[in-house]
Amino acid sequence: MDLTGRVAIVTGGNSGIGAGVVRQFAALGAKAVIAARDVERGEALAQELRADGAEVLVVKTDVVSAEQVNAMVARTVDVFGGIDILVNSAGTGTLSTVVDMIEEEWDLVMNINLKGTFLCSQAVARWMIEA
């Protein structure tokens, strides 16, 4: 598969599955955007990929903030000219059982895993429809 010239945003792209997805997109020729809270980790991965010729942008993004998500989409479009792919990989979990889980843990998991996916998908879809 050749993704040369395509632009791919990966939330949580600085570690775990997200980092693996970013690596694969870069290997396939895509311009990759690492959208993550930990930009230092994202920059370390970006520098590694850039050394191999990849185009990678790191944007500090907390996916539960509509303002930060919209800013990430705008920055992506400003730098790379568009968006072709979104991978919602940002996520978290808890080791608590349902019986022991406190409400704050539930809220954190739901906000990152669901609200974050919603906000990112909505922002990218709005841009794609407009484009």
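Within the stretch 83-104, being within 22 Å of residue 24 (Cβ to Cβ), modelled with pLDDT under 95 and of a type in the set (A, V, I, L, M) holds for no residue. Hey, any hits in the stretch 8-24 for a residue that's surrounded by fewer than 23 Cβ atoms within 10 Å (Cβ to Cβ) and in contact with a Leu (Cβ under 6 Å, 6 or more places away or on another chain)? Yes, the stretch 8-24 has at least one match. Taken over the stretch 105-120, the criterion of being open to solvent by 100 Å² or more (accessible area, probe 1.4 Å) and modelled with pLDDT under 95 is satisfied by 106 alone. Being at pLDDT 95 or above, within 22 Å of residue 110 (Cβ to Cβ), small (Gly, Ala, Ser) and within 11 Å of the chain's Cα centre (by Cα) is the requirement here; does residue 12 meet it? Yes; evaluated as a whole, the condition is true for this residue.
For the residues 50, 37, the requirement of being more than 19 Å from residue 124 (Cβ to Cβ), open to solvent by 50 Å² or more (accessible area, probe 1.4 Å) and not acidic (Asp, Glu) singles out 50.
The values are calculated or read from the model by the stated rules, or taken from the named source; none is laboratory data. In this text, all values refer to a predicted model and were calculated from it rather than measured experimentally. Note that we place each Cβ from the backbone using ideal geometry, even for glycine, and neighbour counts take in every protein chain shown. Surface areas here come from the heavy atoms of the whole protein model, side chains and all, with no ligands, DNA or RNA. Shrake-Rupley method; radii C 1.70, N 1.55, O 1.52, S 1.80 Å.
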